[in-house]
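Asker: Pasting a structure here, questions to come.
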Amino acid sequence: MNNETATPVLEVKHLKKVFGKNEVLKDINEQVSNGQVICLIGPSGAGKSTFLRCLNMLDQPTSGEVLFEGQDLTKLDDKQLDKTRENMGMVFQSFNLFPHKTVIENIKLAPVKVKGEDDATATATAEKLLKQVGLENKADAFPASLSGGQQQRVAIARALAMNPKVMLFDEPTSALDPEMVGEVLKVMQDLASEGMTMVVVTHEMGFARNVADKVWFMADGYIQESAEPKTFFEHPETDRAKDFLAKIL
Ligand code: ADP
Ligand code: MG
């Protein structure tokens, strides 16, 4: 496919989000093309989560457009939006698994309830996904019996069960003990190499450097820099980015 002309999977135009007097996102204009991995980084409070939530309309943008495969989500009614959201998997810092359901029940829930998949199909998909995230022996376990890293891998499998076209990750490893970060990043890296389109908010600079096609650096309401990781990490252009990198690297 010719990337120059293909419709981006996601595109935002003049995206603005205000909470009261707090102008969190001032004017964001970016595109994510098919198969691309974007790592969104920036200081705490910069608006990274808000941006991600605007991408799937969990937060309603104040103005601007959010296009998914060319369709402006801000123009859709709730029913159309629910349908479109099925294509967008989201993984949060807190895993948000249903505590009274087993691992496999957690994964099957949306495909059965939302998509109307039959039980056998949903089970087969769930088993395949559990294998993919290295948890094939945990199908019947309850979330509380799993480590944080295992729970997050289940959360990823659950999102994948809807067969999304894009995966949005909001600091998926930030709540984990350090020894569990790697196993989750590995699953994400595998997903990226299989061609999944991903937007990842992360403080894991190693992951950004190795896996991202592009790094977006957000601060003060704007994407200040959008560059290939090598360029961004070795030659940040703005003082804001230099300052940020000096603090974290
Ligand atoms: P980040 O994820 O980069 O740390 P956030 O998107 O969480 O930043 O927050 C950006 C700013 O928006 C912060 O000042 C935060 O207090 C504010 N904010 C986020 N969500 C809300 C909300 N629902 N209501 C009011 N303010 C919010
Ligand atoms: Mg955040």
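The values are calculated or read from the model by the stated rules, or taken from the named source; none is laboratory data. None of these values were measured; they are calculated from a predicted model. Positions of Cβ are backbone-derived with ideal geometry, glycine not excepted, and every protein chain shown enters the neighbour counts. Keep in mind that these areas ignore ligands, DNA and RNA; they rest on the heavy atoms of the full protein, side chains included. Shrake-Rupley method; radii C 1.70, N 1.55, O 1.52, S 1.80 Å.
Asker: Compute the angle between helix 103-113 and the longest alpha-carbon principal axis of the chain, please, reported from 0 to 90 degrees and rounded to the nearest 10.
Answerer: Roughly 80 degrees, rounded to the nearest 10.
Asker: Pop out the carbon and sulfur fraction of the accessible area of the chain as a percent, whole number, probe 1.4 Å.
Answerer: 46 percent
Asker: Further, regarding this structure: Expressed in nm to one decimal, what extension gain is obtained for the pair Ser44 and His100 from 0.36 nm per residue of sequence separation less their Cα-Cα distance?
Answerer: 16.9 nm
Asker: About the Cα centre of the chain, what is the dipole size in debye to 20, counting +1 per Lys and Arg Cβ and -1 per Asp and Glu Cβ, all else neutral?
Answerer: Computed charge dipole of the chain: roughly 360 debye.
Asker: Which value, in Å to one decimal place, does the Kirkwood hydrodynamic radius take for the chain when every pair of different Cα atoms is included?
Answerer: 18.7 Å
Asker: Kindly state, to the nearest 0.05, the FRET efficiency for Thr7 paired with Arg209, given R0 = 30 Å and r defined as their beta-carbon distance.
Answerer: Given R0 = 30 Å and the Cβ-Cβ separation, E is 0.55.
Asker: Using only Cα atoms, tell me the angle between helix 148-160 and the longest principal axis of the chain; keep it within 0 to 90° and round to the nearest 10.
Answerer: Rounded to the nearest ten degrees, it is 90.
Asker: Before I look further, what does the chain give for accessible area per residue, probe 1.4 Å, in whole square angstrom?
Answerer: 48 Å²
Asker: By how many nm would the segment from Asp140 to Asp82 lengthen if fully extended, with 0.36 nm per residue of separation less the alpha-carbon distance?
Answerer: 18.0 nm
Asker: Only helical DSSP H runs with n ≥ 4 go in: add -39500 (n - 2.57) per run for the chain, normalise by residue count and round the 222 nm mean residue ellipticity to 500 deg cm²/dmol.
Answerer: Taken over the chain, the calculation gives -11000 deg cm²/dmol.
Asker: Please report, in whole Å³, the volume per residue of the convex hull around the C-alpha atoms of the stretch 36-165.
Answerer: Considering the Cα atoms of the stretch 36-165, their hull volume per residue is 136 Å³.
Asker: Under 14 Å from the Cβ of Gln189, count the other residues' Cβ atoms, weight Lys and Arg +1, Asp and Glu -1, and hand me the total.
Answerer: My count for the surroundings of Gln189 gives -2.
Asker: Considering only DSSP states other than H, G, I, E and B, which GluC sites (Glu not before Pro) in the stretch 1-87 qualify as loop sites with at most 10 other Cβ atoms within 10 Å?
Answerer: Here the GluC sites (Glu not before Pro) that fit, given the DSSP loop and packing criteria, are Glu4.
Asker: Tell me the net charge near Arg53. Cut-off is 13 Å between Cβ atoms, Arg53 excluded, with +1 for each Lys or Arg and -1 for each Asp or Glu.
Answerer: 0
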